[in-house]
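Trainee: Structure provided below as structure tokens; questions to follow.
The values are calculated or read from the model by the stated rules, or taken from the named source; none is laboratory data. Keep in mind that this is a model prediction, so the values were computed, not measured. As a convention, Cβ positions derive from the backbone with ideal geometry for all residues, glycine included, and neighbour counts pool all protein chains shown. Just so you know, the surface numbers come from the protein's heavy atoms only, side chains and all, with ligands and any DNA or RNA stripped out. Shrake-Rupley method; radii C 1.70, N 1.55, O 1.52, S 1.80 Å.
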Amino acid sequence: MEKEEGVALTVSNTHLITASLRSTSRECLKDGRFPEAVRLMTGVQWLKLDRTNLSQIPEELGKLLKILELLARTGGRTARDVRLTLHELPNGKEEHLSLIRNDLERLYGELTELTCLRTLNIRHNRVKTSGIPAELFRLEELTTLDLSHNNMKEVPEGLERARSLLVLNLSHNQYVYYLLQLTQYFAHTSCAQSESQSIQGPRVQSLVPPALSVKQWVCNGVNLASQGQMRSYIESIPNALFMHLTDLLFLDLSNNNLETLPPQTRRLANLQTLVLNCNPLGHFQLRQLPSLMNLETLHMRDTQRTLSNIPGNLDSLTNLTDLDLSLNALPKVPEALYALTNLRRLNLNDNEITELSQAIDQWQHLETLKLCRNKLTALPASLCKLMSLRRLYVNDNLLDFEGIPSGIGKLCSLEIFSAAHNQLEMIPEGLCRCGSLKKLILTANRLITLPDAIHLLTDLEALDLRDNPELVMPPKPTEVQKGSGVEFYNIDFSLQHQLRLAGANVPAQAPSSSASKDPIARKLRLRRGRRDQEEADQDQAKILKGMKDIAKDKNKQKTLEEVKAESLKPKRWDETLEKPPLDYSEFFDEVAGQFPGITIWEIENFLPNQIEEVAHGKFYEGDCYIVLKTAIDETGSLTWEIYFWIGEKATLDKRACAAIHAVNLRNYLGAQCRTIREEQSDESDEFLALFDTDITYIEGGRTSSGFFTVEDMTYAKRLYRVHAAGTSSIHLEPVPVAVSSLDPRYVFVLDTGLKIFMWYGKKSKNTFKSKARLMAEKINKNERKNKAEIQTEMPGDESADFWRAFGDNDGLPPEEPIAEHVDPDFVPAAPRLYQVRLGMGYLELPQVEVPHGKLANTLLNNRSVYILDCYLDVFIFKSKFMGWDEVIAVDFTRTAESVQKTGADLTKWARQQETKADLAALFTPRQPAMSLTEAQQLSEEWNEDLEAMEAFVLEGKKFVRLPDEELDYIKTISLTRLPHTCYILKVTFDQEESSGMVYVWIGSKAKPEEAKLAEDIAEEMFNNPWIGFQTLNEGEEPDNFFWVALGGRKPYDTDSDFMDYTRLFRCSNEKGYFTVSEKCSDFCQDDLADDDIMILDNGEQVFLWLGARCSEVEIKLAYKSAQPSDNAATCDSVVGMIAAN
């Protein structure tokens, strides 16, 4: 191809790789003219259109299906383009389209024809929402979209369809916001004066269109403001956007007019960077923030943050390293920020913070801390613990000399310390001990002088001391020659210096008459004051007086003879031993060793931990135990035997702590016995006699060691083939680690541990390549702690390490080419999830239903155990399973044949395997009812208790004392009357219930004592002359108010004989085996226990009431036990189960 000036191009090669239109063609591209020759360059991959002033996208670009990068920059300005790292692929169809700083207002359909377009950058244009075609977001390869610095009023329609997006930038679509600011500034001046003034800064210059001067642009803004045509732009984000763009890694919504974010923001689980600067989010509570667990960068500058609209718990943001909360008027640092232990950069500039908490030492990884333009008067001493701090900015505060901690010299990594515009008169000498300090900025303070050690900062590059009028620099120390003066080999032998090192009070030397007056020294002496010497003298006098008093008191207690006799009398070896000053109550309970029996402790994290009685006699091989036997001798005194048992595989710390705490237990009890060491498989007969059965050894260890054990990680070599899973996810199918598993139509991930290879087939899809790369990065971050290396392999250009991973020691590629062999109709096997449950005391594995075939952590319960079957891999999810104690001990590996071969009696062995259960209560007669005398005595006791009680009612969230006048209030309800009972019915005639009628209904089979009691209760409750009283026997009910109050005459039960033999049973396994016990005959609803199961037998039907906290073993055994109850009571059927709420 030959190239001339202008746009005249002779196309001789349609496979041209690079073409360029020079700046002389700029005039020829006006008025929509575009070189026709470009249409024929169907093979071009790189086309530069520098300085073209494009106002629309030419239709010729739709023909360039293989364009790699299109640069279009404004006339006279260099494009500032943020280029993303792109991996060159062998098919050459990845595209990067950049149209920065043009006059584009609409994007026509030519872009939708670039089917391989991955990156689209059109920032700094005039694109409106209506000018973006919805078909653009249907491109499957589009991963990066930058629409910032435009004139969009809302989020483009159809953006939620771009499911492959990883980077989205919608910032600075509040274009008129900055114009309003400048317009308000220049509104008070004339346009001529505005033209003469110089406007600096990239933000302002970037807003000025290339065709207008600053004067014209500002004047236009004044006209628009006067006409009321200025308005802010993007104000809301649609809910559907974040429902589909779940793969986003970068999201920038800054400099808009957003007041809230959609609740679906919590679905962005992969988001790493979120920028929300300059948005009026004052009423937004950020409740979705803790759900973004992978977030690394969060910028919320000028978002109206307060202490109330920041989440109180941010513990889940463990990956957050960069946080910006500047320009928010915060009065202090929010408490939730101290939990972000992995922070590296924190910006709190332009707030109203007055103090910092001592909890600042939790930011051990913090490197940059910005606290400029606040109201700080002092920095906490815990700041000196931030050993990783490199940059500290505290400009424009109220810091003085005492406000900077003296231990700041411990910050060995500090490189920049900026404290301009404060009230510093001096700086601590410790600041000069920061050996890495490179920049020290102390502009505009009240400095008098600096420490002499300032000259020892050899790495200091910048020292800014401007605007300190009273500053006098200390003289630079002269190099002392060997043997000169009072110093020899850097040792000062002068009396003053040696007294100072000894801690004595050194009097000030009298100034010589020939010395000149030093104003700095005078100010320093005034700062120290005269009280230093007086305080030192007082302290020394107090110390001497205290020592004398102690010596006198000690000598008064003993006479001279006692001192001599004590020094001459020999002591036994046990009398010379002194108990260490330990508080043994921290290790053992008060009741330890106070009751006869066996008590056992296990060693966990250097401390003894008492175990349950059911675990006695079961020892783990990797643990150590302390066994205490307490007994009572013939005199009635307590005696003890102390053993410490050592497991064969126990760690050194457990062995040592078992012996130490056995001695501590002896000292705690004051026992005279010895501590006896017992080792696994070599126990003494006395130790074995402590237990009723033979002791059992359990493989492994139950408790954790107090030491940190570091083991080399071993990684299994795995090869995965990438398949599609749903619409936006991928599935890694494990295949054999062999060259024959490779297929050019797929992407493969070879995981060797600390090196992960990405092999891209020639015919593989681009979306799988990017998502597989993202998955490899997640594996490296979450499982390998960023220690693994991710290496990309192209077909035909593989590294030797890649082939060595397949078993070729020479690292040579295979001789035969890699062929297609995978069935195109292959569908990965769906994983199956099983939950470990208990059924009839044995383990069951019911399959868990997986919605839409997609596994999620919400399917798992942290109190259960799961088995995940992935066809080629099987995983076990362990947790705090609460039902292990209820599992019946069964050896599933033993059969009748294997037992018979041992010579054991099968009948006796089978009897031992039977599960113990107590069902005797189901076959015993019903308990007799309580007699009248017992009932009256019990009633009197209850009445005494009731007199001391007070009634409360729950109103809202508080309990309020119930007034006395409301205690006798009875609500009228419809009753189901039984002939064995009596009822009291109150009928009111008005709303105030001041008048009415009281009926006492007596059943035909009610006892006389109950009838008399009902009448007495009614007379006592409703003793009112305006309320009538009437006693009714069953069948004598009048047709007046009685039936009206009950809702009309209706049939009721006339047979209540079942109350004579209705029984309530309680089913529980709290004793270690299943038992059934009967409740009292006059049971009520309060007898239902939520952790057990109740059987209600009324002679005709059997009901099972299931408590909310009962176990599945109890449910199935209770259902089984209801069958013999059914036969015993000759009832018809079991109606069903009733679950408690």
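Trainee: Report, by residue number, each residue of region 733-759 that is of a type in the set (A, V, I, L, M) and either part of a loop (DSSP other than H, G, I, E, B) or open to solvent by 40 Å² or more (accessible area, probe 1.4 Å) (or both).
Mentor: 737, 738, 739, 742, 754
Trainee: Mind checking which pairs have a first residue in region 1019-1030 that is part of a loop (DSSP other than H, G, I, E, B) and a second that is exposed (fewer than 13 other Cβ atoms within 10 Å of the Cβ) and not hydroxyl-bearing (Ser, Thr, Tyr), Cβ under 8 Å, 6 or more apart or different chains?
Mentor: From region 1019-1030, the pairs are 1022/968.
Trainee: Let me ask something else about it. Hey, any hits in region 820-827 for a residue that's modelled with pLDDT under 80 and open to solvent by less than 50 Å² (accessible area, probe 1.4 Å)?
Mentor: no
Trainee: While we're looking at this one, here's another question. Among the residues in region 839-849, are any of a type in the set (Asp, Glu), modelled with pLDDT under 85 and part of a loop (DSSP other than H, G, I, E, B)?
Mentor: Within region 839-849, one or more residues are of a type in the set (Asp, Glu), modelled with pLDDT under 85 and part of a loop (DSSP other than H, G, I, E, B).
Trainee: Please state which one of 599, 630, 639, 635 is outside any strand (DSSP E or B) and among the polar types (S, T, N, Q).
Mentor: Exactly one of 599, 630, 639, 635 is outside any strand (DSSP E or B) and among the polar types (S, T, N, Q), namely 635.
Each row is one residue, and each column tells you yes or no for (1) part of a strand (DSSP E or B); (2) touching a Leu at 6+ places or on another chain (Cβ under 9 Å); (3) open to solvent by 40 Å² or more (accessible area, probe 1.4 Å).
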site	(1), (2), (3)
306	no, yes, yes
311	no, yes, no
317	no, yes, no
323	yes, yes, no
328	no, yes, no
332	no, yes, yes
352	no, yes, yes
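Trainee: Here is a further query. What do you reckon, is residue 648 open to solvent by 80 Å² or more (accessible area, probe 1.4 Å) and without any contact (Cβ under 8 Å) to a residue 12 or more places away in the chain?
Mentor: no
Trainee: Tally up the residues in region 1000-1052 that are aliphatic (A, V, I, L, M) and closer than 21 Å to residue 989 by Cβ, please.
Mentor: Count: 8.
Trainee: Here's something else I'd like to know. Cβ-Cβ below 9 Å, separation at least six or inter-chain, first residue in region 426-437 and of a type in the set (Ser, Thr, Tyr), second open to solvent by 10 Å² or more (accessible area, probe 1.4 Å): which pairs?
Mentor: Correct list of pairs: 436/390; 436/412; 436/413; 436/415; 436/459.
Trainee: Restricting region 851-896 to residues that are of a type in the set (A, V, I, L, M, F, W, C), assigned to a helix (DSSP H, G or I) and at pLDDT below 80, which is least open to solvent (accessible area, probe 1.4 Å)?
Mentor: 896
Trainee: A follow-up question, please. Could you check how many residues of region 794-814 are of a type outside the set (A, V, I, L, M), at negative phi and within 45 Å of the chain's Cα centre (by Cα)?
Mentor: Result for region 794-814: 10.
Trainee: Restricting attention to region 850-867, which residues are in contact with a strand residue (DSSP E or B) (Cβ under 7 Å, 6 or more places away or on another chain) and over 25 Å from residue 267 (Cα atoms)?
Mentor: The answer is 864, 865, 866, 867.
Trainee: Moving to a separate point now. As an exercise: evaluate residue 967 against (1) modelled with pLDDT of 85 or more; (2) aliphatic (A, V, I, L, M); (3) loosely packed, with under 10 Cβ neighbours inside 10 Å and give the number of the one condition it does not meet.
Mentor: (1)
Trainee: Here is a further query. Could you tell me how many of the residues in region 672-692 are in contact with a strand residue (DSSP E or B) (Cβ under 6 Å, 6 or more places away or on another chain), loosely packed, with under 15 Cβ neighbours inside 10 Å and among the polar types (S, T, N, Q)?
Mentor: Adding up the residues that qualify gives 0.
Trainee: Residue check, residue 663 against (1) within 30 Å of residue 789 (Cα to Cα); (2) among the β-branched types (Val, Ile, Thr); (3) out of contact with any helix residue (DSSP H, G or I) (no Cβ under 8 Å at 6 or more places or on another chain); (4) modelled with pLDDT of 90 or more, all met but one. Which one?
Mentor: Status for residue 663: all satisfied but (1).
Trainee: Could we say that residue 656 is in a helix (DSSP H, G or I), modelled with pLDDT of 90 or more and open to solvent by less than 80 Å² (accessible area, probe 1.4 Å) here?
Mentor: So residue 656 passes the test.
Trainee: Still on this structure: Which of (1) farther than 22 Å from residue 282 by Cα; (2) at pLDDT below 95; (3) not β-branched (Val, Ile, Thr) does residue 337 not meet, given it meets every other one?
Mentor: (1)
Trainee: So which of 1044, 1135, 1113, 1102 ends up being of a type in the set (A, V, I, L, M) and modelled with pLDDT of 80 or more?
Mentor: 1102
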